[in-house]
Amino acid sequence: MRTDWTRAEIAEIYNSPVLDLMYRAATVHRQHHDPQEVQVCTLLSVKTGGCPEDCAYCPQAARYHTAVKVHKLMEVDEVITAAQRAKDTGSTRFCMGAAWREVRDNSDFDKVLEMVQGVNEMGLEVCCTLGMLTEGQAQKLKDAGLYAYNHNLDTSEEFYGDIISTRTYDDRLDTLGHARKAGISVCSGGIIGMGESDQDRIGMLHTLATLPQHPESVPVNALVPVEGTPLADQPRVSVWEMIRMIATARIIMPKAMVRLSAGRVRMNTEEQALCFLAGANSIFAGDKLLTTPNPDENADLQLFQTLNIRPRKAFKDATKPAVVFEQIPVNV
């Protein structure tokens with residue numbers, strides 16, 4: 001397990017002949033994972049729209065005129081019901097996303113802590129993506145039973161300023177550090193198809209692979225262009241571009257769960273199979289990823305049957321987080 005990769009080494013892997021790259025990645029995958037297992041995750045938007053940030057890809061940014069309707073934070077019982085439905089349909093990880101720039105210490109955060117505690121008690125791996133975190137907030141989430149925190153780098157540090165101006169690259173790295181310090185597993189990846197170069201894609205992978213500890217989950221997203229956002233007219237990313245990202249991530253971060261994330265709805269069974277062969281072993285299930293489309297339940301059921309793959313069990317190589325206290329305190 002290396003954390004001293006150079007960009008040149010990663011570039012050599014990324015740019016190798018695609019069939020050789022896939023073969024090497026598939027070999028590494030089988031050394032560290034069961035190739036018939038795929039982690040099935042469900043992502044729920046618990047607070048939608050109205051975000052003050054300017055991420056050029058995101059339809060939830062308040063400054064863009066998109067079809068996304070703003071919804072306040074969901075009630076705890078609504079989220080628990082959704083988590084139970086996800087569990088019943090085969091998901092073993094439940095991720096809750098809120099369109100916030102950062103977490104604030106208020107009653108909404110207290111409600112999220114209750115959601116985390118409730119989903120943890122169901123035996124699901126609980127993940128949140130809530131924006132920037134302080135050390136103290138990360139610890140509160142851990143104490144409530146949070147298993148993983150998602151905070152994507154999105155792209156390379158060099159290209160980052162072309163996509164986002166409302167928070168810095170270091171802000172993102174700091175949040176990952178706070179989650180790690182609290183003992184929460186890290187989920188961090190990025191998006192391709194935003195106009196970045198291959199060097200930017202390599203740069204993002206280099207940053208992830210040279211963190212003090214590799215992320216436990218690495219989502220690889222293909223941009224889903226949304227009307228009303230600055231990136232609405234970006235062309236579709238090809239499956240071969242996704243394969244290069246997935247295979248390279250698998251080789252340089254061999255124990256990570258590499259997630260075939262946004263953009264999967266545009267892929268047929270054969271294209272998804274190639275991604276699994278190249279080292280992907282995690283997907284999001286459900287017909288929506290926050291606000292963008294995703295394959296429906298029946299399509300994924302057929303996919304799993306066709307490829308003879310099965311859902312990975314929750315906490316297979318980890319311990320379920322203990323809840324430190326029974327009752328989440330409410331801020332007054």
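The values are calculated or read from the model by the stated rules, or taken from the named source; none is laboratory data. Everything numeric in this text was worked out from a predicted model, so none of it was measured. Positions of Cβ are backbone-derived with ideal geometry, glycine not excepted, and every protein chain shown enters the neighbour counts. Just so you know, the surface numbers come from the protein's heavy atoms only, side chains and all, with ligands and any DNA or RNA stripped out. Shrake-Rupley method; radii C 1.70, N 1.55, O 1.52, S 1.80 Å.
Here the sum of -39500 (n - 2.57) over DSSP H runs of 4 or more residues, divided by the residues of the chain, equals -11500 deg cm²/dmol at 222 nm, to the nearest 500. Please give the helix 297-307 orientation as an angle from the longest Cα principal axis of the chain, in degrees from 0 to 90, rounded to the nearest 10. Roughly 40 degrees, rounded to the nearest 10. Measuring against 20 Å, Cα to Cα, the residue pairs 72/142; 140/181; 72/320; 142/320; 47/320; 87/313 contain 72/142; 72/320; 47/320 as the ones spanning a longer distance. Want the number for residue 89 to residue 122: 0.36 nm per residue separation, take away the alpha-carbon distance, what's left? Once the chain is fully extended between residue 89 and residue 122, it gains 10.5 nm. The overall shape of segment 17-171, judged from the alpha-carbon gyration tensor, is oblate: a/c is not under 1.5, and a/b is no greater than b/c. Taking other residues whose beta carbon is less than 9 angstrom from the beta carbon of residue 42, and scoring Lys, Arg as +1 and Asp, Glu as -1, yields +3.
Can you list the residues of segment 111-126 with backbone N under 15 Å from a point 7 Å past the Cα of residue 313, pointing along Cα to Cβ? Only 123-125 fall inside the zone, counting backbone N under 15 Å.
DSSP beta bridges in the chain, what fraction antiparallel, as a percent rounded to 5? Walk me through the numbers before you get to the answer.
Details: 3 of 38 bridges.
Taking every DSSP beta bridge with both residues in the chain, the antiparallel ones total about 10 percent.
Once the Cα atoms of helix 239-252 and of the chain are each reduced to a long axis, what angle between those two axes, in degrees from 0 to 90 to the nearest 10, is obtained? With both axes taken from Cα atoms, the answer is about 80 degrees.
Segment 213-271 and segment 145-203 have Cα centres separated by 14 Å.
Can you give the relative contact order of the chain as a percent, counting alpha carbon pairs under 8 Å and 6+ residues apart? Relative contact order here is 26 percent. Taken as Cα centroids, segment 101-135 and segment 5-68 sit 22 Å apart, rounded to the nearest whole angstrom.
Tell me the net charge near residue 31. Cut-off is 12 Å between Cβ atoms, residue 31 excluded, with +1 for each Lys or Arg and -1 for each Asp or Glu. Present the calculation step by step, with values, prior to reporting the outcome.
On the way: positive: 24, 30, 250, 255; negative: 34.
Local net charge: +3.
Multiply the residue separation of residue 271 and residue 135 by 0.36 nm, subtract the distance between their alpha-carbon atoms, and state the gained length in nm to one decimal. Intermediate values should be presented prior to the final figure.
Numbers: separation 136, 0.36 × 136 = 48.96 nm, distance 4.04 nm.
Using 0.36 nm per residue and subtracting the Cα-Cα distance, I get 44.9 nm.
Taking every pair of alpha-carbon atoms in segment 148-303, give the share separated by more than 24 Å as a whole percent. Cα-Cα pairs in segment 148-303 separated by more than 24 Å: 31 percent. Counting Lys and Arg as +1 and Asp and Glu as -1 over every other residue whose Cβ lies under 9 Å from the Cβ of residue 138, the net charge comes to +3.
Counting only heavy atoms of the protein chains, get the accessible area per residue of the chain (1.4 Å probe) and round it to a whole Å² value.
Details: 14170 Å² over 332 residues.
The answer is 43 Å² per residue.
FRET efficiency for the pair residue 233 and residue 320, taken as 1/(1 + (r/R0)^6) with r the Cβ-Cβ distance and R0 = 56 Å, rounds to 0.80.
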